[in-house]
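The values are calculated or read from the model by the stated rules, or taken from the named source; none is laboratory data. Fair warning: this is a prediction, and the values are worked out from it, not measured in the lab. We place every Cβ from the backbone using ideal geometry, glycine too, and count neighbours over all the protein chains shown. Protein only, heavy atoms only, side chains kept; ligands, DNA and RNA dropped before computing areas. Shrake-Rupley method; radii C 1.70, N 1.55, O 1.52, S 1.80 Å.
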Amino acid sequence: MISTNLLKIQEQIQLAARNSGRSAAEIKLVAVSKKFPHTAILSAYKAGQQFFGENYIQELQQKRKELPENIHFHFIGHLQTNKAKIAAESCSMIETVDRVKLATALHKHLEKLDKNLDILVQVNIGQDSNKSGVAPDRAAELLEDLQPLSRLRIKGLMTIPPYESSPEKTRPHFKNLRVLADKLSARGFFAGIEKIELSMGMSGDFPIAIEEGATIVRVGTAIFGNRPV
Ligand SMILES: *Cc1c(COP(=O)(O)O)cnc(C)c1O
């Protein structure tokens with residue numbers, strides 16, 4: 001049951017927060033609904049879940065037509081520049097901005113829509129050649145380049161760490177993302193942002209991510225079950 005799963009996850013979030021001296025109120029759960037039908041989103045929404053994560057623009061567009069307007073979507077997949085318009089229109093946050101070209105396209109469409117958009121910069125923290133994201137040592141340069149794009153509100157960093165054989169092995173990657181965010185913050189990036197967001201942690205490792213400072217966790221399987229292929 002989706003509602004039971006959501007309760008369980010909320011409990012685990014509270015426990016992990018307490019274990020690390022944090023408040024659960026500062027941790028946002030994004031329910032990753034990719035490959036699940038809009039009816040699954042509706043069930044979770046009725047159980048109180050407000051934020052959902054989608055990876056594919058066309059799928060997101062289809063589902064949004066069927067759903068109440070006040071359901072918020074975070075885009076968490078690889079975003080092609082030619083899909084920036086739809087993403088800018090239909091998401092409350094884009095978590096996967098990793099290049100200037102994409103950011104510029106988003107900014108252009110936001111200008112036309114006369115709106116601002118929250119984004120995260122995706123960092124390839126484990127330097128995994130199969131993963132998107134800016135290399136950690138290029139993150140400052142990218143943030144510098146995004147400065148003039150005033151429609152983008154850069155809230156923090158997101159990462160998908162490399163696959164590890166046990167959740168505990170993922171901990172150093174989470175820690176590295178937090179350290180990177182601290183360094184960037186000390187250099188003056190994120191000025192004026194009251195809370196720097198760190199989106200990290202999925203079904204298998206979100207409690208560890210919370211212990212390492214996650215403010216957004218992206219959980220799919222543990223809420224909706226195994227994804228249909
Ligand atoms: C699919 C996905 C998730 C959720 O993964 P689960 O293991 O099902 O919790 C989280 N983040 C991203 C970027 C994803 O693509």
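Springs between Cα atoms under 10 Å define the GNM used for the chain, and in it the highest mean-square fluctuation of Phe206, Phe75, Phe189 occurs at Phe189. Simple rule: put +1 on each Lys or Arg Cβ and -1 on each Asp or Glu Cβ in the stretch 96-229, find the dipole, and look at Met200, Pro136, Leu117; the Cα lying farthest toward the positive end is Leu117.
Under the criterion of Cα pairs below 8 Å and six or more residues apart, the relative contact order for the stretch 1-159 equals 16 percent. Karplus-derived 3J(HN,Hα) values for the stretch 131-148, using 6.51 cos²θ - 1.76 cosθ + 1.60 with θ = phi - 60°, are 10, 6, x, 6, 5, x, 7, 10, 5, 4, 4, 5, 4, 4, 5, 7, 3, x Hz; glycine and proline are entered as x. So, R0 is 22 Å and r is the distance between the beta-carbons of Thr39 and Thr221; what FRET efficiency does that work out to, to 0.05? Efficiency, from the Cβ-Cβ distance: 0.80. In a simple Cβ point-charge model (Lys, Arg +1; Asp, Glu -1; nothing else charged), the stretch 58-131 has a dipole of about 260 debye relative to its Cα centre.
Just checking the listed ones, Glu95, Glu66, Glu197: in the Gaussian network model of the chain with Cα springs under 10 Å, the one fluctuating most is Glu66.
Only Lys, Arg, Asp and Glu carry charge here, each on its Cβ (+1 for the first two, -1 for the last two); on that basis the chain has a dipole of about 360 debye about its Cα centre. If you wrap the Cα atoms of the stretch 125-229 in a convex hull and average its projected area over all directions, you get 8.0 nm². If you take all other residues with their beta carbon under 9 Å from the beta carbon of Ser20, and give Lys and Arg +1 and Asp and Glu -1, the sum is 0. With the biggest extent put first, the Cα atoms of the chain measure 45, 39, 33 Å across the principal axes.
Using alpha carbons only, how many angstrom separate the centre of the stretch 159-181 from the centre of the stretch 48-116? Measuring centre to centre over Cα atoms gives 25 Å. For the stretch 4-11, the Karplus equation 6.51 cos²θ - 1.76 cosθ + 1.60, evaluated at θ = phi - 60°, returns couplings of 5, 4, 4, 4, 4, 5, 4, 5 Hz by residue, with Gly and Pro reported as x. A straight chain from His72 to Tyr163 at 0.36 nm per residue would run longer than the Cα-Cα distance by 30.0 nm.
With bins 5 Å wide beginning at 0, the percent of Cα pairs of the stretch 69-166 falling in each bin runs 2, 14, 25, 24, 17, 9, 5, 2, 0, 0. Relative intensity of the stretch 12-66 on a log10 scale, I(q)/I(0) at q = 0.21, 0.23, 0.24, 0.29 Å⁻¹, equals -0.78, -0.85, -0.89, -1.12, per a Debye sum over C-alpha point scatterers of equal strength in the absence of solvent. With the gyration tensor restricted to C-alpha atoms of the stretch 30-116, the semi-axes of the equivalent ellipsoid amount to 23, 13, 11 Å, longest first.
Residues of the stretch 130-158 falling in the label zone of Leu113, defined by backbone nitrogen less than 13 Å from a point 7 Å along Cα to beta-carbon, are 151-153.
Note that the chain presents 48 Å² accessible area per residue, ligands and nucleic acids not counted, probe 1.4 Å. Remark on Asp98: its backbone amide H falls under 5 Å from those of Gln122, a criterion applied only to residues 5 or more positions apart or on other chains, H modelled at 1.01 Å from N. Among the protein heavy atoms of the stretch 1-139, carbon and sulfur supply 47% of the accessible surface, probe 1.4 Å, non-protein parts ignored.
Phi angles of the stretch 163-171 translate, via the Karplus equation with coefficients 6.51, -1.76, 1.60 and θ = phi - 60°, into HN-Hα couplings of 5, 10, 6, 9, x, 4, 5, 7, 3 Hz per residue; Gly and Pro are given as x.
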